[in-house]
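What follows is a set of notes on a single structure, which appears directly below.
FYI, it's all coordinate maths here, none of it is from the lab. Predicted model only: the values in this text are computed from it and were never measured. Here the Cβ is made from the backbone with ideal geometry for all residues, glycine too, and neighbour counts use every protein chain on show.
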Amino acid sequence: MATRKTTKKGTGKKKASKSAAGSSRGVGSVERGSAVFPYTTRPSGLRRFLSEVPHRPKPPKVNAALLAGWNLPGGENQSILRVLKAVGLTNATNEPTDDYVAFMRAGTGPGVLARLIKNTYAPLFDAIGTTANQFLRSCMTTLRHIVAIRFVTI
């Protein structure tokens with residue numbers, strides 16, 4: 001792997017950095033440092049959004065205006081839209097899908113969310129091995145219980 005020495009601006013110290021030729025360690029042909037799976041920069045915002053869904057009417061679109069109306073304003077909350085689209089709660093034009101409607105129902109909501117997450121992140125679960133996979137399954141079970149409790153207590 002090729003490295004080059006660069007001087008950090010204003011310090012006179014040199015740091016080694018990897019060249020583009022040596023950065024092929026990502027998943028498949030994905031370049032190192034690029035996201036392979038959807039994520040949010042505001043997990044607390046996503047959690048709050050998901051807890052609000054069962055208590056609100058189905059919106060025509062899930063967009064920045066809706067997030068602001070649900071008291072989730074700001075640019076960082078936009079990453080919530082990326083996750084909703086990737087897991088299948090919204091379609092390419094940010095309209096709620098049938099899965100979104102099923103998630104709105106107290107009886108089916110937690111299971112729908114668990115299925116969508118499991119399907120979206122299946123390659124990740126498969127790639128990390130059995131022990132970690134068991135840990136993630138445990139986390140998913142806990143998530144289902146948390147979401148189920150939220151449906152009951154809110």
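Structural remarks
- Ranking of PHE135, PHE49, PHE125 by count of other Cβ atoms within 10 Å, fewest first: PHE135, PHE125, PHE49
- Peptides 62-74, 108-120 ranked from most to least packed, by the mean per-residue count of other Cβ atoms within 10 Å: 108-120, 62-74.
- Gain in span if fully extended, ALA68 to VAL101, counting 0.36 nm per residue against the direct Cα distance: 9.8 nm
- Label point distance in nm, GLU52-PHE125, each placed 7 Å from Cα along Cα→Cβ: 2.8 nm
- Taking 0.36 nm per residue of sequence separation and removing the Cα-Cα distance, the THR41/ARG82 pair yields an extension gain of 13.7 nm.
- Farthest toward the positive end of the dipole of region 40-153, out of VAL53, TYR121, ASN63, is the Cα of VAL53, where the dipole comes from beta carbon charges about the Cα centre.
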